1. If you check every pair at least six apart or on different chains, which have Cβ atoms under 9 Å apart with a residue in segment 49-65 that is without any contact (Cβ under 8 Å) to a residue 12 or more places away in the chain first and a residue that is assigned to a strand (DSSP E or B) and surrounded by 13 or more Cβ atoms within 10 Å (Cβ to Cβ) second?
2. With the structure loaded, tell me whether Met56 is under 12 Å from the mean Cα position of the chain (by Cα), loosely packed, with under 10 Cβ neighbours inside 10 Å and of a type in the set (A, V, I, L, M) or whether it fails that test.
3. Restricting attention to segment 10-50, which residues are open to solvent by 50 Å² or more (accessible area, probe 1.4 Å) and either closer than 13 Å to Phe63 by Cβ or polar (S, T, N, Q) (or both)?
4. Taking interchain pairs and intrachain pairs at least six residues apart, which have beta carbon atoms under 6 angstrom, with the first residue in segment 34-47 and in contact (Cβ under 8 Å) with a residue 12 or more places away in the chain and the second open to solvent by less than 100 Å² (accessible area, probe 1.4 Å) and in a helix (DSSP H, G or I)?
Amino acid sequence: MTHEFVPGEMLKGEVVRLADFGAFVRLNPFLDGLVHVSEIAPFRVEQVRDFLKEGMIVPVRVFEG
């Protein structure tokens with residue numbers, strides 16, 4: 001079975017890796033996506049690690065790539 005992600009789709013994913021510019025979130029067993037630091041909160045985020053930790057389940061929205 002496959003799932004084609006559609007722009008605007010909302011889902012939950014697990015944070016699998018943190019970086020200075022955002023977090024990588026597992027969308028399915030075969031695909032990780034990037035949540036850019038500017039999308040983490042409605043205000044400026046200085047340190048991604050202050051808001052997200054590996055293993056957290058977070059809501060994400062799919063954007064066109």
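1. Phe51/Ala23; Gly65/Gly33
2. Against the criterion (under 12 Å from the mean Cα position of the chain (by Cα), loosely packed, with under 10 Cβ neighbours inside 10 Å and of a type in the set (A, V, I, L, M)), Met56 does not qualify.
3. Met10, Leu34, His36, Ser38, Glu39, Gln47
4. Here the result reads Val37/Val48, each pair linking segment 34-47 to a residue that is open to solvent by less than 100 Å² (accessible area, probe 1.4 Å) and in a helix (DSSP H, G or I).
The values are calculated or read from the model by the stated rules, or taken from the named source; none is laboratory data. This is a predicted model, so every value here is computed, not measured. Here Cβ is always computed from backbone atoms with ideal geometry, including for glycine, and neighbour counts include all displayed protein chains. Only protein heavy atoms, including side chains, enter the accessible area calculation; ligands, DNA and RNA are left aside. Shrake-Rupley method; radii C 1.70, N 1.55, O 1.52, S 1.80 Å.
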